[in-house]
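Please read the structure below before turning to the comments.
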Amino acid sequence: MKPAPFSYVRPATAEEAVGHLAAAARAGREARVLAGGQSLLPLLNQRLVRPDLLVDLGRVPGLAGVRADGSGVWIGALTPHAAVERSTDRALHRDLPVLPEAAALIGRLPVRIRGTVGGSLAHADPCAEWCLLAVLLDAELTLLGPDGTRVVGAAAFLRGRHLTALRPGEILTGLRFPAAEPAAALVEYGVQPGRLPEAAAAAALTLCADGRIAAARIAVAGPAEVPFRAPHAEAMLLGARPGAEAFTAAAARAVGAGRGELSALAGALLRRALAESADRARVLAPVRRPAPVPAAAGAAPQAEAVAA
């Protein structure tokens, strides 16, 4: 099957792209943005989407690249997955090595060469690696529209399965990961290699000088319509010794309210992600500060609220 007929434009600037999208919205016409095309083109060919206008960002300058500095890591929306995977930026590999590691997990090589970071985020599949890491690491997404530029946090940007905070006429220009998390780890499971995973989990731990957990981030993908953080599970880990007991309790708290088999799978993946992050944190310089007060002994783990 081939796509339904549509108009096609290839703007030379981001502002021109926004102009085309805004004009289409005012006219009541459906417009779609083409980045790498790895998500959109199959939908077009199956006629699952039938836009009146396709706006190709391929010629727009300044929307691709990876920059790491003291304020975090910036990735342009048109940056191919393979460019992150193969980046030789030392600051990137020092501060957030999980980013090139996760990029290497995406699809097969042709998909990583053509597919883009921004395209994955705008497609907003609940199990996409970039969506999960954006939530875990509090990424800030920059959107350009008719009214100018605005910055939206990842949790606010991802509103549901294939649903985002992008307004009519807006495009995603890039995202910034503001904090270094050198021990972050992502673990996923998929039935078929090269396809999106069924579930995934990511964690980032920091250890105190005495080996206890000083800070924890947890994010889970699969049981809900969007990847989600688990703040109560994160709080349970503070002051605890890294190990199976602490990780099992935290995983039960994080995913216990989700749907059946996917929750069980996500819980197992989260335990692995926590263990991997702890191993990485042990080889890093520990944080020289007092250990947080551990959670009360014997407290029964309760499930996090999972987004519907």
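Just a few scattered comments:
- Degrees between helix 14-26 axis and first principal axis of the chain (Cα, 0 to 90, nearest 10): 70
- In region 1-157, Cα pairs under 8 Å separated by at least six residues give a relative contact order of 21 percent.
- Amide N of region 55-94 lying under 14 Å from the label point, which is placed 7 angstrom from the Cα of Phe6 along Cα→Cβ: 55-58
- Taking 0.36 nm per residue of sequence separation and removing the Cα-Cα distance, the Ala235/Asp210 pair yields an extension gain of 7.2 nm.
- Computed over protein heavy atoms with a 1.4 Å probe, the accessible surface of region 87-140 works out to 36 Å² per residue.
- Cα-projected label distance for Ala264 with Arg150, points at 7 Å along beta-carbon direction, nm: 4.3
- Shown for region 177-281 is the translational diffusion coefficient from the Stokes-Einstein equation, using the Kirkwood radius over Cα pairs, a temperature of 37 °C and a viscosity of 0.692 mPa s: 242 µm²/s.
- Helix axis angle, 244-255 relative to the chain longest principal axis, alpha carbon, degrees: 40
- 15 Å beta-carbon shell around Gly194, net charge (K/R +1, D/E -1): -1
- Computed from Cα positions, the angle between helix 260-282 and the longest principal axis of the chain comes to roughly 70 degrees.
- Solvent-accessible area of the chain (1.4 angstrom probe, protein heavy atoms only): carbon and sulfur portion equals 53 percent.
- Sequence-separation-based contact order of the chain, relative, with Cα cut under 8 Å and 6+ spacing, percent: 15
- Of the residues Arg150, Arg114, ranked by 1.4 Å probe accessible area with the largest first, the sequence reads Arg114, Arg150.
- Cα centroid separation - region 194-211 against region 74-126, whole Å: 17
- Modelled spin labels at Asp69 and Val49, positioned 7 Å past Cα toward Cβ, are 3.3 nm from each other.
- Cα shape, region 121-184, gyration tensor, a/c 1.5 rule: oblate
- Approximating the spin labels as points 7 Å out from Cα along Cα→Cβ, the Thr248-to-Arg108 distance works out to 4.0 nm.
- Calculated translational diffusion coefficient of region 1-74 (20 °C, 1.002 mPa s; Stokes-Einstein with Kirkwood radius over alpha-carbon pairs) equals 156 µm²/s.
The values are calculated or read from the model by the stated rules, or taken from the named source; none is laboratory data. These numbers were taken from a predicted model, which means no experiment stands behind them. With ideal geometry, Cβ positions are generated from the backbone for all residues, glycine too; neighbour counts draw on all protein chains shown. With ligands, DNA and RNA removed, areas are computed over all heavy atoms of the protein, side chains included. Shrake-Rupley method; radii C 1.70, N 1.55, O 1.52, S 1.80 Å.
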